[in-house]
2 protein chains.
Amino acid sequence: MPAKDAFAIGALSAETGVNIETIRYYERIGLLRKPARSAAGYRLYQAGDVARLCFVRRARDLGFSLEDVRRLLALADRKSRSCEAAKEIAEAHLEAVRAKLADLRQMERVLAATVKACGSGTVPDCPLLGALGRLA
Amino acid sequence: MPAKDAFAIGALSAETGVNIETIRYYERIGLLRKPARSAAGYRLYQAGDVARLCFVRRARDLGFSLEDVRRLLALADRKSRSCEAAKEIAEAHLEAVRAKLADLRQMERVLAATVKACGSGTVPDCPLLGALGRLA
DNA sequence: TGTTGCGTCTGTAGTCGCTACAGGCTGTAC
DNA sequence: GTACAGCCTGTAGCGACTACAGACGCAACA
């Protein structure tokens, strides 16, 4: 018996800001459990599903992979007192973020310098293209 | 008539640091032109191909999309005196890089704070999981 | 009672930039 | 001759969606 306050996928999408197709995708890959269905086959969600999907969205916003999200969800479900496992996941991810940050900063520096070298575009032999390499 | 100093794909890969499969991929999508072939069908490259592929690699290292790389290559080929078009591409990309940088910095801040809140993992009710949202 | 128009369904294919096979041919060294 | 590395094509997989096509459901309004 689906509760009275059940709602369809469009409402869940609106509530969480997660695309409808993405919600179905999450279900397909087993990140979200399969919801109840109406007689016509419509997915029927409840308040708990909103919370769960918001959790996923926040984790995704923080850049966690879906695999990480899956693990974090499992941990949150288990309500284990200590959060060592969660912390491990987050720390590993934080390191990855910092590595990517360093890469991007480097890119930014080089790009900015290169663009600047181009000045107003009146330089003969574009230094930007030159920086990438002479062809033949 | 392929020049005497022609070499196969493995050498091009070693020379440029670009994976063999990636080179073939670049050729398939038309980023690199099709090289001459030996009697047995082996790809035969020349010095110019090394320069070209290095150009691609540097651009990729700077985060340009393959579509951007394609355009930059075309510009470099045209040897047009002014580099306005190249500058436009680079500036647009630089902006995208900066946007991503801002995103990542935000992620880093939140993640670092969250991990820190977890402390040594002895806190009851993991604040990390809590930050993502209560389930049920 | 239509019919309009949106919402939802499934299933498949496309995106980006590779990467990894499988299964076969080539070229060289011993 | 035979072992073994290198090369070939073609296809499928990755992550995380996104975008259809084509069919059905449902509520409102004339």
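The values are calculated or read from the model by the stated rules, or taken from the named source; none is laboratory data. Just so it is clear, the model here is predicted, and its values are computed rather than measured. No Cβ is skipped: glycine too gets one built from the backbone with ideal geometry, and neighbour counts run over all protein chains shown. SASA here: full protein model, heavy atoms, side chains in, ligands and nucleic acids out. Shrake-Rupley method; radii C 1.70, N 1.55, O 1.52, S 1.80 Å.
When A:Cys83 is tested against the conditions (1) surrounded by fewer than 19 Cβ atoms within 10 Å (Cβ to Cβ); (2) within 8 Å of another protein chain (Cβ to nearest Cβ); (3) closer than 13 Å to B:Leu132 by Cβ, the lone failure is (1). Can you find a residue that is within 14 Å of chain A (Cβ to nearest Cβ), open to solvent by 30 Å² or more (accessible area, probe 1.4 Å) and within 14 Å of DNA strand D (Cβ to nearest atom) anywhere in region B:47-55? So far as region B:47-55 goes, yes, one or more of its residues are within 14 Å of chain A (Cβ to nearest Cβ), open to solvent by 30 Å² or more (accessible area, probe 1.4 Å) and within 14 Å of DNA strand D (Cβ to nearest atom). When the criteria are applied in full, B:Ala6 meets the requirement of being away from DNA strand D (no atom under 11 Å from the Cβ), more than 14 Å from every other protein chain (Cβ to nearest Cβ), surrounded by 11 or more Cβ atoms within 10 Å (Cβ to Cβ) and not basic (Lys, Arg). When the residues of region A:90-129 are filtered to those that are more than 7 Å from every other protein chain (Cβ to nearest Cβ), over 30 Å from B:Leu132 (Cα atoms) and modelled with pLDDT of 85 or more, the one that is most open to solvent (accessible area, probe 1.4 Å) is A:Lys116. Of all residue pairs spaced 6 or more apart or on separate chains, those with beta-carbon atoms under 7 Å, a first member in region B:50-71 that is without any contact (Cβ under 8 Å) to a residue 12 or more places away in the chain and a second member that is assigned to a helix (DSSP H, G or I) and open to solvent by less than 30 Å² (accessible area, probe 1.4 Å) are B:Arg58/A:Leu132; B:Arg60/B:Val69.
Listed conditions (1) open to solvent by less than 60 Å² (accessible area, probe 1.4 Å); (2) at the interface with chain A (Cβ under 7 Å from one of its Cβ atoms) are all met by B:Arg58, apart from (1).
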